[in-house]
Amino acid sequence: MAKKVCDFCLEEGKGLFRQPESLSDGHYICKNCRKIIERYDLPVKYDLFQLLVTAEPHMQEMMMGDYLEHHKPAEAIAKYYPTPAMRLHEGEHCVNVSPATIRVDARAIPAKTAVSRISDISRKDIVNLSDAKGTSGQEVEGTLYETDAALYFLSENFINCHRLTSIVDTHLDTEAIHVLEHGKEFSYQLQNADLFLLRSAFYQMAVAAASNKKKSLIYLASENTMTLTSGKYNVPKNIKSGVYWVNPVDAASMRVRDANGQLHAVNSGRIRIDNGSTLEVKGEYQLRYNKRDPKKEEKKITLNSRN
C-alpha cells in the first residue's frame, strides 16, 4: 500500500493505522494536524490559516507572502476579514474579534455602563485600565476588537483603546495579547492569541500588497530623513549603520534582527542600527538622524531589499 503524505505538515504516514485521512477536497491530513486545527477552532480544511497554525513559526511569514503572490489581495481581505456585526467608525475595517479578559484594579472600574458600539466611542469614553498590581485585581470579561485603526477592549463598564503599534507582537505568550503603552502594561487573556497576531500580520501584508507596495521601497525626503515601506532591509546594504530617530506612519510596526539573530520590537524613539542587522517593516516607518526639515523637497528612489 502506498504511503500517504499529510498536506499540512508534509509528514508521511507510518503503519497501517497511522495514515493521513482524506478530506472532502482531496487533500490529506494526519491526526496531529487535525488536532492542532481543531484546537484553534478552525474548520478542518485545506486553507491559509489552517496551514499557518500547523507550520513552523519561522515559515509563516514566507507562506503568507507566497499566498499573496498567487491571490489578489482584495479578494484575500474579503475572504478572511468579513464585515462584523459590530458597527465601526466610518472607513474602519475589522481584523480580529475575540472574547477576552483583563485583570484590573477593582477600585478603578467605573460604576456607569460604557457605550457598547465602536462607532459610538469618542475620546471621553476611553478609560484604559491597565494590569492590576497587588491583590486588588478583578478579572473583567469583554470583547477584544482589532481594526485597521486601533485595538479596542469593550466591557460592560469601561473601554480600553490602544494604538496598533503598542501591541507587543514578539511576546511568546500564546494565551494573551500584550500591550505596552505610556509605560503601562495591558494583558488581554484570550484563546489562541498567536492566531490573533497571525491574522493581524496577514491583514497588514494584504493591505500593503493591495497598495502596490509589495516591493520594498525607501523614500528619501532628504539626506537626513527616509521612510521605509513593508519589507526586509539589510544594514548597511540598504541602510547605513548609525543612530536613528524612528517613528511609525499610521498603523506600522518594525523589528530589528541583530547580527546574532535576536529580534527586538521597535515602536518609536531613538535606536542604534548596527552592521549585520536586518530591519523587518510592516506598513511604513520613518527614520531620521535629526529633526525633520520640511523645506527639503521630497524625492523617491527605489533600493533593493531582501525580498
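Restricting to region 136-170, count the residues that are aromatic (Phe, Trp, Tyr) and either within 22 Å of residue 266 (Cβ to Cβ) or open to solvent by 50 Å² or more (accessible area, probe 1.4 Å) (or both).
0
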Return the only residue of 233, 203 being out of contact with any helix residue (DSSP H, G or I) (no Cβ under 6 Å at 6 or more places or on another chain), surrounded by 19 or more Cβ atoms within 10 Å (Cβ to Cβ) and at pLDDT 85 or above.
-> 203
Restricting region 255-284 to residues that are within 21 Å of the chain's Cα centre (by Cα) and on the phi > 0 side of the Ramachandran plot, the residue that is modelled with the highest pLDDT = 269
Requiring at least 1 residues that are charged (D, E, K, R) and open to solvent by 40 Å² or more (accessible area, probe 1.4 Å), the helices (runs of 4 or more DSSP H) wholly within region 1-105 are 31-39, 57-70, 73-80
Does residue 177 satisfy being touching a helix residue (DSSP H, G or I) at 6+ places or on another chain (Cβ under 7 Å), open to solvent by less than 40 Å² (accessible area, probe 1.4 Å) and within 22 Å of residue 38 (Cα to Cα)?
-> yes
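Out of 6, 33, report the one residue that is within 27 Å of the chain's Cα centre (by Cα) and touching a residue at least 12 places away in the same chain (Cβ under 8 Å).
Details: 6 fails: within 27 Å of the chain's Cα centre (by Cα).
Sole residue among the options that is within 27 Å of the chain's Cα centre (by Cα) and touching a residue at least 12 places away in the same chain (Cβ under 8 Å): 33.
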Restricted to region 206-217 and to residues being farther than 13 Å from residue 253 by Cα and at pLDDT 80 or above, the residue surrounded by the most Cβ atoms within 10 Å (Cβ to Cβ) is 206
May I ask you to say which residue of 124, 112, 133 is part of a helix (DSSP H, G or I) and open to solvent by 50 Å² or more (accessible area, probe 1.4 Å)?
-> 124
Determine whether region 285-301 contains at least one residue that is open to solvent by 40 Å² or more (accessible area, probe 1.4 Å), at negative phi, within 25 Å of the chain's Cα centre (by Cα) and modelled with pLDDT under 85.
-> no
Taking residue 85 as meeting all but one of (1) modelled with pLDDT under 95; (2) touching a Leu at 6+ places or on another chain (Cβ under 7 Å); (3) closer than 30 Å to residue 186 by Cα, write down the number of the exception.
-> (2)
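The values are calculated or read from the model by the stated rules, or taken from the named source; none is laboratory data. From a predicted model like this one, the values you see are computed outputs, not experimental measurements. All Cβ positions, even for glycine, are placed from backbone atoms using ideal geometry, and neighbour counts span all protein chains on display. To get the accessible areas, we keep the full protein, side chains included, count just its heavy atoms, and leave off ligands, DNA and RNA. Shrake-Rupley method; radii C 1.70, N 1.55, O 1.52, S 1.80 Å.
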